Amino acid sequence: MTPKKVAAVVNPASANGATARRWPEIARLLAQEGIDFDTYLTGGPGDATVHTRQMLERGYDLIISVGGDGTANEVANGFFTASGPVREGAAIAFIFIGTGCDLIRTLGIPREPEAAVRHLARASRRPIDVGRVKFTGHDGSMQTRYFINVAGLGLDGDTVARVNRTSKALGGFISFLWGTVASLLLYRNRQMAVTVDDRLVCDAPLTVAVIGNGRYFGGGMCIAPHAEMDDALFDIIILQNMGKISLLFNLPKVYRGSHLSHPKITALRGRKVTVTAKDPTLLELDGEQPGCAPVEIELLPRALLVQG
């Protein structure tokens with residue numbers, strides 16, 4: 001059934017400005033599929049969240065996120081307030097022209113806009129899990145934010161911060177590969193205590209702690225190869241104190257998703273994760289870098305409807 005009220009939230013700056021150039025073509029494709037929609041062009045960080053929430057409050061049934069992983073995260077955050085969902089029954093959809101395109105790899109949504117629009121027009125709705133994160137913002141205040149794909153602390157946070165300072169003109173794979181290699185050459189493993197479902201699983205120097213709802217991050221790394229987005233469980237991947245040479249040697253295995261057998265990797269599942277750190281440790285959420293540890297992460301089962 002075609003939704004009654006549809007809005008497209010478009011981030012013209014994503015993919016180094018490619019979204020702005022391709023949006024007229026995408027709008028034409030949506031119209032050709034008989035989708036009547038309103039458009040909102042974002043103007044800066046956080047804008048997509050504010051306007052998504054406002055549109056849901058005005059009765060929109062479907063919000064289409066047009067951009068990258070960061071745009072998708074902001075739009076998804078607009079579906080929630082501290083007290084719960086903004087509008088029951090409303091759904092989110094994705095047309096990606098971003099740098100990483102990691103979320104849609106797990107969801108099985110095509111990357112090319114024409115195929116993505118066809119998929120959106122014919123897809124049914126399905127609920128997925130969402131992560132709610134309480135963390136320390138860059139200003140020192142405690143903040144709450146949601147994620148739908150992957151959260152990570154340590155090397156992951158440093159890499160995303162580095163990549164987001166660049167133009168990303170070389171595309172997702174090269175941008176994140178360069179960011180990962182540059183970051184790990186400078187990175188110092190952090191002492192982190194990780195608790196899963198109220199059980200301490202490690203308190204040691206860690207390279208990275210990843211909480212996966214989806215499978216991919218970093219422009220195509222299959223960090224959590226067994227993750228499912230509707231199974232009411234996070235896939236938690238902990239990499240303990242790996243040296244730089246070993247990290248470089250094993251990096252191809254992460255892209256293939258064949259890294260979990262490494263003796264320094266712990267893989268487990270759970271619904272609640274806390275991470276504390278002795279030194280400043282950056283947090284990554286869906287390709288954005290909003291703050292640092294300590295963090296508390298809670299899974300909200302089947303909390304968001306996705307059309308696609």
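How do the peptides 129-136, 279-286 rank, highest first, by the average count of neighbouring beta carbon atoms within 10 Å per residue?
Numbers: 129-136: 19.9, 279-286: 22.6.
Listed from highest to lowest mean packing, they are 279-286, 129-136.
From most to least packed by mean Cβ count within 10 Å, the peptides 144-152, 110-118, 5-13 give 144-152, 5-13, 110-118.
What relative contact order, as a whole-number percentage, does segment 1-107 give when Cα pairs under 8 Å and 6 or more residues apart are counted? The partial results should precede the final answer.
Details: 181 pairs, mean separation 34.7, N = 107.
In percent, rounded to a whole number, it is 32.
When only Cα pairs under 8 Å and 6 or more residues apart are kept, what is the percent relative contact order across the chain?
Details: 730 pairs, mean separation 64.1, N = 308.
The normalised contact order for the chain reaches 21 percent.
Each of L285, F234, P252 was placed along the dipole of the chain (beta-carbon charges, centred on the mean Cα), and the one lying farthest toward the positive end is P252. Annotation: Cα Rg of segment 237-291 relative to the compact-globule expectation 2.2 N^0.38 Å equals 1.31.
If each Cα of segment 6-123 is one equal point scatterer, what is log10 of I(q)/I(0) from the Debye formula at q = 0.15, 0.17, 0.18, 0.21 Å⁻¹? The computed values of log10 I(q)/I(0) come out as -0.59, -0.77, -0.87, -1.20. The charge dipole of the chain, taken about its Cα centre with unit charges on the Cβ atoms of Lys, Arg (+1), Asp and Glu (-1) only, comes to about 440 debye. Here segment 185-285 was treated as a single set of alpha-carbon atoms; its pair distances binned every 5 Å from 0 give 2, 12, 24, 25, 23, 11, 3, 0 percent. Taken over the Cα atoms of the chain, the convex hull encloses 118 Å³ per residue. Between G70, A204, M142, the Cα set farthest toward the positive side of the dipole of the chain (charges on each charged residue's Cβ, about the Cα centre) is that of A204.
The numbers here are math on the coordinates, done by the rules we state, and not lab data. Note that this is a predicted model, so its numbers are computed, not measured. No Cβ is skipped: glycine too gets one built from the backbone with ideal geometry, and neighbour counts run over all protein chains shown.
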